[in-house]
1. Could you please find all residues in segment 401-434 being among the acidic types (Asp, Glu) and touching a residue at least 60 places away in the same chain (Cβ under 8 Å)?
2. Report the residue count in segment 131-150 for those that are surrounded by 16 or more Cβ atoms within 10 Å (Cβ to Cβ) and farther than 16 Å from Ala184 by Cβ.
3. Which of the residues belonging to segment 186-227 are buried (at least 17 other Cβ atoms within 10 Å of the Cβ), of a type in the set (Asp, Glu) and touching a residue at least 40 places away in the same chain (Cβ under 8 Å)?
4. Only one of Asn394, Asn347, Asn362 is assigned by TED's automatic domain parsing to the domain that holds Arg252 and free of Cβ contacts under 8 Å to residues at least 12 places away in the same chain; which?
5. Determine which member of the set Ile18, Ile13 is in contact with a Ser or Thr (Cβ under 8 Å, 6 or more places away or on another chain) and either at pLDDT 95 or above or under 18 Å from Pro384 (Cβ atoms) (or both).
6. Can you pull out every residue in segment 377-391 that is without any contact (Cβ under 8 Å) to a residue 40 or more places away in the chain and buried (at least 20 other Cβ atoms within 10 Å of the Cβ)?
7. Given the structure, is Ile66 over 17 Å from Ala271 (Cβ atoms), at pLDDT 95 or above and buried (at least 21 other Cβ atoms within 10 Å of the Cβ)?
8. Taking Lys237 as the residue in question, decide whether it is more than 21 Å from Lys324 (Cα to Cα), charged (D, E, K, R), assigned to a strand (DSSP E or B) and in the same structural domain as Ser334 (by TED's automatic domain parsing).
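The values are calculated or read from the model by the stated rules, or taken from the named source; none is laboratory data. Keep in mind that this is a model prediction, so the values were computed, not measured. Neighbour counts run over all protein chains shown; Cβ positions are idealised from the backbone, glycine included.
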Amino acid sequence: MLKKVLIANRGEIAIRVIRACRDLGIATVAVFSEADRKSLHVRYADEAYLIGPAPARDSYLRIDRIIDVAKKSGADAIHPGYGFLSERAEFAEACVEAGLVFIGPPAAAIRNMGDKVMAKQLARAAGVPLVPGTDAEAKTAAEAKSISDEIGYPVLIKAAAGGGGKGMRVVRSSDEIESAFGAATREAANSFGYGGVYIEKLLENVKHVEIQIIADVFGNAIYLGERECSMQRRHQKMLEEAPSMALDDDLRKRMGEVAVAAAKKANYVNAGTIEFLVTNDKKFYFMEMNTRLQVEHPVTELITGVDIVTEQLKIASGLPLSYKQEDIILKGWSIECRITAEDPFNNFLPSIGIIERNVSPNGPGVRLDSAVFDGYEVSLYYDPMISKLITYGNNRLQAIERMQRALREYRLYGIKTTIPFHQQLLASEAFLSGEFYTTSLETNPALKPDPQYRPIEPVLAAIAGALIEETVQNEERQGKGVAHSIVNGNVDKSGWKEVARREVLRRG
């Protein structure tokens, strides 16, 4: 087993990794910038070292300084968390060259799956369905136009290296190709240091569903169910849940099996995620692979009982997977809200300042991954996400009710946050019915931030009553017990959807 792990990250994910290390008796080393001197991860770790000024490029992105601290502290491994250096192949290589264990996939797997074109080629070789498009980069605007004309509009011009919507442009006619191609390549070059792009058919009214996989060095690999990640704003996830209402058992199995096949084709080791687009007619297409721990991993942990970070540490220690595929049974439902320091009623502008008081939610089925405390300073230097609020229930309805309760309890005084917007989303007809897509937050007027919205418990009470009544009637007709559908989320939505619609509209 590893003896001492350096966490090359900050905030809530650094604390999450530190806790997993403590559970296994592993010593921890934190690194911090000048802006993070008072941060919780610095206090939680056994040792902590300053690595530079506040800007990430001078601290958390400095491979040389992080490696130097690892050597000085006697750490034998580095966990990158997510963001920063977590998907940099050169960082994984630098760790190995320094005699350190990189707690993640091999550099070759990061490089191959991080290159969108190479990832598509590997996925195709593994038998994974692909969105119609090219497996090679489009070198010029003229070439992009020729490809797009053949595929048929609308299309997406996408950066070959990177993600998060950077270097991406929607093109709906040939007249838009030249300007979109230029803009996408420039943005890709600025964001990722490489301007290569490829062309892909734009699928509309689709869901973003991802499969969590984990693999060891002995060739064993399993999938841990799926996560529904379609609630996005500008390609950034705001809310995730597991499992997904879009999948049934057969589709889940097929997607899980091809995800594992793709991971094996890439010689993947440790935790990773294969992302798919899923259509209304149950077809799915490979989108990309994230070669790291995901922000939303807690929802998977809650419905499977698998501690993903602990598994990462064990695999990095040379141990085999603790589970076989038949051990993975999905139980209940989990929802995660990403709480960010942004003002949802002012175009989500960053909200910086001091959190004067932090009142955390609690109670049954509530988990809060946070690094916030009274006096915590939110700055512009880092990602605006300050915490993750996760709830668990026996079924989707209970998980929603618990999230509504937790959001009402959560108080962060001194800054603006997305908490009121999440309350609005949780009570919306689109979310409650499951009829939302990757573009819904931008195209559905009912999901726009409403400063007049106030959380109203009777809405959920009405939905709950209608849902249970509908479930009882359906199950009695089928000769099944009421608990069968409630626990598994298999209910007929036709009855309670109209109740939800009327209640939401009536209450404003």
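1. First, pick out the residues of segment 401-434 that are among the acidic types (Asp, Glu): 401, 409, 429.
If the condition is that a residue be among the acidic types (Asp, Glu) and touching a residue at least 60 places away in the same chain (Cβ under 8 Å), then Glu401, Glu429 are the ones that fit.
2. The number of residues fulfilling the criteria is 1.
3. Matches in segment 186-227: Glu200, Glu210, Asp216.
4. Working: Asn394 fails: free of Cβ contacts under 8 Å to residues at least 12 places away in the same chain; Asn362 fails: free of Cβ contacts under 8 Å to residues at least 12 places away in the same chain.
Only one candidate passes the filter, namely Asn347.
5. Numbers: Ile13 fails: in contact with a Ser or Thr (Cβ under 8 Å, 6 or more places away or on another chain).
Of the residues listed, the single one that is in contact with a Ser or Thr (Cβ under 8 Å, 6 or more places away or on another chain) and either at pLDDT 95 or above or under 18 Å from Pro384 (Cβ atoms) (or both) is Ile18.
6. Scanning segment 377-391 gives a single hit, Val378.
7. Values: over 17 Å from Ala271 (Cβ atoms): yes; at pLDDT 95 or above: yes; buried (at least 21 other Cβ atoms within 10 Å of the Cβ): yes.
So Ile66 passes the test.
8. On the way: more than 21 Å from Lys324 (Cα to Cα): yes; charged (D, E, K, R): yes; assigned to a strand (DSSP E or B): yes; in the same structural domain as Ser334 (by TED's automatic domain parsing): yes.
Yes.
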